[in-house]
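*Asks:* Could you have a look at this structure, given as structure tokens, before my questions?
The values are calculated or read from the model by the stated rules, or taken from the named source; none is laboratory data. None of these values were measured; they are calculated from a predicted model. When we count neighbours, we look across all protein chains shown, and the Cβ atoms used for this are built from the backbone with ideal geometry, even at glycine. Heavy atoms of the whole protein, side chains included, go into the accessibility calculation; ligands, DNA and RNA do not. Shrake-Rupley method; radii C 1.70, N 1.55, O 1.52, S 1.80 Å.
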Amino acid sequence: MASTIPDPHPGTGAVRQEAPPPRPPSEKAGRVEAHGIDHIPDHERHGSPRQLFSVWAAANVTYLSLVTGGALVLMGLTLWQALAVIVVGNLFWLLTGLLAISGPAAGAPSEVITRAMYGVRGNRVNNAVVGWLISVCYFALNLAAAATAAFALVEMAGVTANTGVKVAVVMVVAALTLTIGVYGHGMIMKLYLPITLTLTAAFAVVAVGVFRHTDFAYVPAEPLTGADLWAVLIAGVTLIGSGPLSYTTSADFSRYLPRTTSAKAIAGWTALGGFLPGVIVCSLGALAATAVDMTDPQAGLRQLLPGWFGPILLLALVLGTIAINALTAYSAGLALQAVGIRIRRSLSVLADGTAAVALTLYGLLASGFLDTVSNVLQLTVVLLGPAMAVYATDIVLRRNRYDGRALMDETPGSAFWYTAGVNPAGALALAGGVTVAALSVDTLYTGPIAHALGGLDLALPAGVVVASLLYAVLARGGKSRAPAA
């Protein structure tokens, strides 16, 4: 039995059954999504993979992308080195696209599909840590980014952003975000195309202002060389790559597509939707850093743009962050259900938002924002890199064949019960990848491997390679493989 309570149809108090005919997609945007982590039947599947482009594009035109792009130059890279790092780091969107193809195949979200990798019980632990905890941390981090832009907007309106005002602003931004997350998939598909178009127009103006002032020959006063340069280049790729790696849940947004939808189209539109804005917005941050001090990105950008555009830019930054956080809140709600807590998806989203708001207020009022961004993003790859590697490897091994209905079965008789509810292959591969990554990281702490290499942080490539290889070897054993659909 699936650990979810589908939201009731308004006014009926009854849960959704598979028998009634599907509602037109346009009606779904204004109604709270009925499905949680339960299986999506074929007669409710609809849409085109092209819709995935705007979903991911809207979520990646963000203030955080500007910050991380500018941070690469602040770390000591030349402009062209920073731009190369941005392109390489954003190539991890290809993995996000690969994971998305499992949604229509199973008719289930990522949080359920991963039962195939970790077993019914093992997947609850996976969702508690890699799914829910990491999602809430990213929610808080992005909410803090949106809030800083909103604080500046409030100051422009003549209101002093004291502690009380800051708390109120965080609550308002969180409420707007959670509204989209609560209404769910239909609302996301309806809103994200106009959000993408709006943000594209705003950032086109930003691009013009930034290009006019960019020093395309920028080189830091003391250019990095040798081991120091490689350490920063790899750290930069990790910083940028942490964005796409955080979306081990991309099947959540593709699962309503018909099962016959082209896998190449799903992977392509998902990856392109993240890659293009990721490269463009991060690059704008790096280009701006050659002309102004990006330790305070808002103040720096205002020096490059016409005065009248300042409030519009801030609104765009807030809107973009709301878009990305709505996706994060949506997936975090599904993860909470997949942990085994019997709660409606809409209520689980609200629970996630409450936790994220608390973390956000702490981050804004008690710690440095830029330091928090860098440390959190680099540290999460210790978990997220191996987790994505296991998921991607499983898709390849199974040739993307998943039995969605069988995945709903959480009883000991389930095909995905494995050994005492745990798939040894997935558990050992993830543990091995995370261990090697932790030994190789150099961020909040320096692992022994990184220390031996003079601070060279190989956590991302080491964790991904080890987890993938371990899973590929271990999953070929009899008890570690459930039958494909």
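*Asks:* Sort out which residues of the range 146-164 are surrounded by fewer than 17 Cβ atoms within 10 Å (Cβ to Cβ) and under 18 Å from residue 358 (Cβ atoms), and write them in order of number.
*Replies:* 163, 164
*Asks:* Separate question: All but one of (1) at pLDDT 95 or above; (2) among the hydroxyl-bearing types (Ser, Thr, Tyr); (3) buried (at least 24 other Cβ atoms within 10 Å of the Cβ) hold for residue 393, so report the exception by its number.
*Replies:* For residue 393, the failing item is (3).
*Asks:* Taking the stated definitions as given, is residue 95 under 27 Å from residue 232 (Cβ atoms) and open to solvent by 40 Å² or more (accessible area, probe 1.4 Å)?
*Replies:* Details: under 27 Å from residue 232 (Cβ atoms): yes; open to solvent by 40 Å² or more (accessible area, probe 1.4 Å): yes.
Here the answer is yes, as residue 95 does meet what is asked.
*Asks:* Considering only residues of the range 239-288 that are of a type in the set (Lys, Arg) and either part of a helix (DSSP H, G or I) or surrounded by fewer than 22 Cβ atoms within 10 Å (Cβ to Cβ) (or both), which is modelled with the highest pLDDT?
*Replies:* Of the range 239-288, the ones of a type in the set (Lys, Arg) are 255, 259, 264.
Still in the list and also either part of a helix (DSSP H, G or I) or surrounded by fewer than 22 Cβ atoms within 10 Å (Cβ to Cβ) (or both): 259, 264.
Details: 259: 93, 264: 97.
Top of the filtered list is 264.
*Asks:* Could you check residue 227 against (1) touching a Pro at 6+ places or on another chain (Cβ under 9 Å); (2) open to solvent by 10 Å² or more (accessible area, probe 1.4 Å); (3) over 30 Å from residue 404 (Cα atoms) and say which number it fails?
*Replies:* (1)
*Asks:* While we're looking at this one, here's another question. Of the conditions (1) open to solvent by less than 10 Å² (accessible area, probe 1.4 Å); (2) modelled with pLDDT under 90, residue 344 clears all except one; give me its number.
*Replies:* Only one criterion in (1) open to solvent by less than 10 Å² (accessible area, probe 1.4 Å); (2) modelled with pLDDT under 90 is unmet by residue 344, namely (1).
*Asks:* Can I ask one more? Within the range 412-448, which residues are open to solvent by less than 40 Å² (accessible area, probe 1.4 Å), part of a helix (DSSP H, G or I) and of a type outside the set (A, V, I, L, M, F, W, C)?
*Replies:* Scanning the range 412-448 gives 426, 432, 433, 440.
*Asks:* Go through the range 289-303 residue by residue and tally those that are at pLDDT 90 or above and not polar (S, T, N, Q).
*Replies:* Step one: filter the range 289-303 for residues at pLDDT 90 or above, giving 289-292.
In the following step, the residues that additionally are not polar (S, T, N, Q) were identified as 289, 291-292.
Residues that pass the stated criteria total 3.
*Asks:* Does the range 54-107 hold any residues that are within 22 Å of residue 269 (Cβ to Cβ) and of a type in the set (Phe, Trp, Tyr), and which are they?
*Replies:* First, pick out the residues of the range 54-107 that are within 22 Å of residue 269 (Cβ to Cβ): 54-62, 65, 86-107.
Once the filter is applied, which keeps residues that are within 22 Å of residue 269 (Cβ to Cβ) and of a type in the set (Phe, Trp, Tyr), the range 54-107 yields 56, 92, 93.
*Asks:* Within the range 61-79, work out how many residues are open to solvent by less than 10 Å² (accessible area, probe 1.4 Å) and outside any helix (DSSP H, G or I).
*Replies:* Counting residues in the range 61-79 that are open to solvent by less than 10 Å² (accessible area, probe 1.4 Å) and outside any helix (DSSP H, G or I) gives 2.
*Asks:* Sticking with this one: Tally the residues that are among the aliphatic types (A, V, I, L, M) and within 18 Å of the chain's Cα centre (by Cα), restricting the search to the range 192-225. Break it down into steps so the answer makes sense when it comes.
*Replies:* Going residue by residue through the range 192-225, those that are among the aliphatic types (A, V, I, L, M) are 193, 195, 197, 199, 201-202, 204-208, 210, 217, 219, 221, 224.
Checking which are within 18 Å of the chain's Cα centre (by Cα) leaves us with 195.
Result for the range 192-225: 1.
*Asks:* Let me ask you something else. Scan the range 207-251 for residues that are closer than 25 Å to residue 138 by Cα and of a type outside the set (Gly, Ala, Ser) and jot them down.
*Replies:* 232, 233, 234, 237, 238, 239, 240, 244, 245, 247, 248, 249
*Asks:* Determine which member of the set 88, 67 is modelled with pLDDT of 90 or more, touching a Gly at 6+ places or on another chain (Cβ under 9 Å) and more than 19 Å from residue 180 (Cβ to Cβ).
*Replies:* On the way: 67 fails: modelled with pLDDT of 90 or more.
When all the criteria are applied, what remains is 88.
*Asks:* Taking into account only those residues within the range 291-317 that are open to solvent by 20 Å² or more (accessible area, probe 1.4 Å) and under 25 Å from residue 55 (Cβ atoms), which is nearest to the chain's Cα centre (by Cα)?
*Replies:* This residue is 315.
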